[in-house]
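Coordinate-derived values only; no laboratory data. Since the model is a prediction, treat every value here as computed from it, not as a measurement. Cβ atoms come from the backbone with ideal geometry, glycine included; neighbour counts cover every protein chain shown.
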Amino acid sequence: MTIKEQYVAAKQAYANWGIDVDAALETLKKVPISIHCWQGDDIGGFEVNKSELSGGIDITGNYPGKATTPEELRMDLEKALSLIPGKHRVNLHAIYAETNGEAVERDQLEPKHFENWLNWAKENGLGLDFNPTLFSHEKAADGLTLSHPNEEIREFWINHCIASRKIGEYFGRELGNPCLTNIWIPDGYKDIPSDRLTPRKRLKESLDRIFTAEVDETCNWDAVESKVFGIGSESYVVGSHEFYLGYALKNNKICLVDTGHYHPTETVSNKISSMLLYSDKLALHVSRPVRWDSDHVVILDDELREIALEIVRNDALNQVIIGLDFFDASINRVAAWTIGTRNMIKALLYALLVPNDHLKELQEKGDFTERLALMEEFKTYPFGAIWDYYCEKMNVPVKERWLTLVKEYEHDVLAKR
């Protein structure tokens with residue numbers, strides 16, 4: 001059977017449950033995923049005075065071919081995007097500024113240092129998101145930034161975050177598409193703190209200063225991101241989930257949840273519905289933690305499907321901003337982007353092809369037998385045939401054919417770096 005014939009047969013199976021597959025594919029086309037640039041160069045960035053990775057961030061592996069220039073990174077992103085169905089976004093960190101060989105401190109960054117990224121995004125029809133980089137810097141060497149007891153250090157990072165919001169505003173204005181500017185800090189202590197409150201007071205005061213600087217909120221959306229622990233902050237993190245959730249709700253900011261930033265027994269999927277009751281928007285960084293925040297490439301596992309189901313079944317595709325955040329230097333980096341992003345899209349398609357309304361009705365009636373039976377049966381419905389057709393329709397490789405193209409790219413481009 002051809003891909004189209006398999007699609008028609010699969011489509012009928014879903015139609016028997018009142019699921020409009022064509023409509024689901026049209027919906028899926030409109031969902032952008034924010035793809036993180038830092039998978040392509042192991043979070044190296046292009047600063048003139050580059051620092052070693054710090055802030056609890058670690059990269060393992062030395063697979064050949066990583067990008068070493070902005071041009072190489074954009075070329076690699078273009079290759080990955082050509083293998084991923086749909087139109088998406090690219091997420092940048094401040095360390096990816098292009099300063100023409102001039103050493104520009106982070107608190108002095110301006111929109112002009114990202115003009116090449118903006119022009120590239122325009123040429124490729126992409127949105128851009130942004131992050132101030134509060135790690136891998138001498139002023140973050142002791143693991144403290146916006147909560148630092150030293151006022152001069154706090155001032156430096158406050159100004160960096162303000163500059164970053166201005167850059168996000170620039171992206172949003174020029175692209176006609178709001179930029180999500182997300183603040184994450186590594187602040188915390190390795191051992192048990194004697195005072196948890198004072199650092200949090202300083203963080204709150206720093207954030208208040210940052211958000212006092214006016215930017216056009218139609219161009220820039222502010223987000224804050226929490227963490228439960230990190231390397232070097234095993235005992236205490238200043239910016240906890242409770243801290244940022246409270247701050248976001250009180251100050252009308254977006255709370256960003258990273259799937260690797262919680263206790264191993266916590267699931268982000270379970271947080272989504274609660275948070276949406278109180279927030280107009282929610283942002284995600286989807287990663288795959290393995291025993292800790294290890295940022296493995298996203299796979300189509302139970303939690304990824306559950307995240308997608310929570311978004312779709314609650315009609316929240318326009319409320320949840322989906323971004324990715326993983327970095328694996330042990331495999332081909334273009335393949336990592338492709339695998340992770342295609343899996344995120346697959347999970348959303350899976351969720352769109354579940355009879356969510358009927359399952360809700362069963363729960364309300366107390367028919368837990370049929371609810372469980374159908375939830376299990378739909379796991380083996382012909383979802384793959386729908387996905388293959390979607391890829392073909394969107395002019396990207398079907399099944400594993402993309403891997404051949406990545407291997408060719410590795411031979412022709414990556415291996416020569």
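Before moving on, here are some points about what is shown:
- Proxy reagent accessibility, fewest Cβ within 10 Å first, across Met1, Met344, Met375, Met275: Met1, Met375, Met275, Met344
- Think of each Lys and Arg Cβ as +1 and each Asp and Glu Cβ as -1; about the Cα centre, that makes the dipole of the chain roughly 500 debye.
- In loop segments of segment 106-201 as defined by DSSP, there are no GluC sites (Glu not before Pro) with at most 13 further C-beta atoms inside 10 Å of their C-beta.
- With a threshold of 29 Å on the Cα-Cα distance, the over-threshold entries among Lys30/Lys122; Lys11/Lys87; Lys227/Lys365; Lys30/Lys66; Lys166/Lys201 are Lys227/Lys365; Lys30/Lys66.
- Inter-label distance for Asp357 and Asp22, nm, one decimal - labels placed 7 Å from Cα along Cα-to-Cβ: 1.8 nm
- Our helix-only sum for the chain, with -39,500 (n - 2.57) per DSSP H run of n ≥ 4 divided by its residues, gives a mean residue ellipticity at 222 nm of -13500 deg cm²/dmol.
- Listed by chain and number, the aspartates and glutamates whose alpha-carbon sits under 12 Å from that of Lys253, ignoring those within fewer than 8 places in the same chain, are Asp208, Glu217, Asp222, Glu225, Asp280.
- Thr68, Thr267, Thr212, Thr341 arranged by Cβ crowding within 10 Å, fewest neighbours leading: Thr212, Thr68, Thr267, Thr341
- Note on segment 4-74 and segment 295-344: Cα centroid distance 7 Å, given to the nearest whole angstrom.
- Using every pair of separate Cα atoms, the Kirkwood estimate puts the hydrodynamic radius of segment 1-125 at 17.7 angstrom.
- Loop-located GluC sites (Glu not before Pro) in segment 28-96 (DSSP state not H, G, I, E or B) with no more than 13 neighbouring Cβ atoms inside 10 Å: Glu52.
- Equivalent ellipsoid, the chain (semi-axes from 5 times Cα gyration tensor eigenvalues, Å): 36, 27, 19
- Reference-scaled alpha-carbon Rg (2.2 N^0.38 Å with N residues) for segment 339-400: 1.36
- DSSP-defined beta bridges in the chain - what % are antiparallel, rounded to 5: 15 percent
- Inter-label distance, nm, simple model (7 Å from Cα along the C-beta direction), Asn177/Lys365: 4.3 nm
- Taking each residue as 0.36 nm, the span from Lys393 to Lys190 lengthens on full extension beyond its C-alpha to C-alpha distance by 68.0 nm.
- One quarter of the surface of the convex hull around the alpha-carbon atoms of segment 46-196 equals 10.7 nm², the direction-averaged projected area.
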